[in-house]
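The values are calculated or read from the model by the stated rules, or taken from the named source; none is laboratory data. Not measured: the values here are computed from a predicted model. All Cβ positions, even for glycine, are placed from backbone atoms using ideal geometry, and neighbour counts span all protein chains on display.
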Amino acid sequence: MSRILRIGLPKGSLQEATFFLFRRAGYNFRVNSRSYYPQVDDPELQATLLRAQEIPIYVAEGILDAGITGWDNVLETDVEVADLGELLYSKATSRPYRWVLAVPEDSPIRSVADLQGKRIATELVHVTRCYLARHGVEAAVKFSWGATEVKVPELADAIVEGTETGSTLRAHRLRIVDEVLESTPRWIASQAAAADPWKREKMDNIYLLLRGALDAEGMVGLKMNLAREQLAAVLELLPAMKQPTISPLSDADWVALETVITEAEARDLIPALKRVGAEGFVEYPLNKVIP
């Protein structure tokens with residue numbers, strides 16, 4: 001039988017960002033708008049698109065071998081999976097997704113202790129109840145089917161809501177009281193898949209390439225030529241991940257130099273490097289950076 005790794009990918013807000021990340025890692029997916037089974041150019045992968053909230057359940061049950069989902073979903077479903085690594089990306093920013101306790105700006109609630117006996121609306125019911133229990137607070141936690149921000153103060157005294165930038169909360173005149181959970185996308189696996197040598201190696205390889213693609217964001221390669229006598233002046237200006245690569249040219253008095261820097265650094269450095277004698281610059285994008 002062919003070896004197949006069954007993976008779950010998040011459908012919805014993270015879908016395009018996930019496909020883009022995999023594409024930079026070297027995996028190209030094609031999906032019909034009505035299909036939940038995207039095709040990929042790796043015959044050893046079989047992908048299914050699912051709501052991110054469902055992925056931990058199917059992975060824990062072994063229906064899927066691995067998947068990408070938020071750590072908040074793993075905690076909310078309260079299942080046993082192997083956490084193979086963090087993948088810090090999202091639909092809006094590269095910052096972690098925060099679940100926060102929020103109340104109206106004029107609410108008397110100032111701390112979690114003030115929630116005793118109050119009503120809380122959230123999509124993250126299990127995590128919120130665990131949060132309250134850690135603080136010794138008893139409150140009624142109700143599941144919210146969406147539009148959670150508009151449920152205070154009439155339908156709830158407070159909400160626990162996810163946010164990347166906080167802009168939606170501010171637009172609804174809500175004040176953050178506390179952070180309940182910080183969540184990032186994770187590459188998770190079933191316990192059985194993590195214990196299978198072939199599947200574990202395949203999953204680790206995918207994670208290595210995905211992390212390399214993330215680490216390459218905003219980075220560029222930069223090549224240039226310069227006279228040997230200018231080398232010290234150039235090295236003084238040039239940041240690098242480690243040491244730049246220096247190669248001799250056919251003219252013994254000249255060398256080629258190559259390094260990896262951020263796009264912002266390249267913007268400022270190229271004119272400065274040009275002034276100290278470097279020339280023949282080539283700047284190129286990077287798909288992956290793997291130490």
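Points worth noting:
- Hits in segment 236-275 - residues which are surrounded by 15 or more Cβ atoms within 10 Å (Cβ to Cβ) and either hydroxyl-bearing (S, T, Y) or over 27 Å from N287 (Cβ atoms) (or both): W254, T259
- Restricting segment 1-18 to residues that are surrounded by 19 or more Cβ atoms within 10 Å (Cβ to Cβ) and not in a loop (DSSP other than H, G, I, E, B) leaves a set whose member that is nearest to the chain's Cα centre (by Cα) is T18.
- Qualifying residue in segment 99-121 (condition: of a type outside the set (S, T, N, Q), assigned to a strand (DSSP E or B) and touching a Gly at 6+ places or on another chain (Cβ under 6 Å)): yes
- Residue within segment 23-39 that is under 19 Å from the mean Cα position of the chain (by Cα), in contact (Cβ under 8 Å) with a residue 24 or more places away in the chain and surrounded by fewer than 18 Cβ atoms within 10 Å (Cβ to Cβ) present: yes
- All positions within segment 5-21 that are hydrophobic (A, V, I, L, M, F, W, C) and either modelled with pLDDT of 95 or more or more than 19 Å from V59 (Cα to Cα) (or both): L5, I7, L9, A17, F19, F20, L21
Yes/no per residue for (1) outside any helix (DSSP H, G or I); (2) farther than 23 Å from E54 by Cα; (3) modelled with pLDDT of 95 or more:
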| residue | (1), (2), (3) |
| --- | --- |
| V180 | yes, no, yes |
| W198 | no, yes, yes |
| I206 | no, no, yes |
| L210 | no, no, yes |
| M241 | yes, yes, no |
| T259 | yes, yes, no |
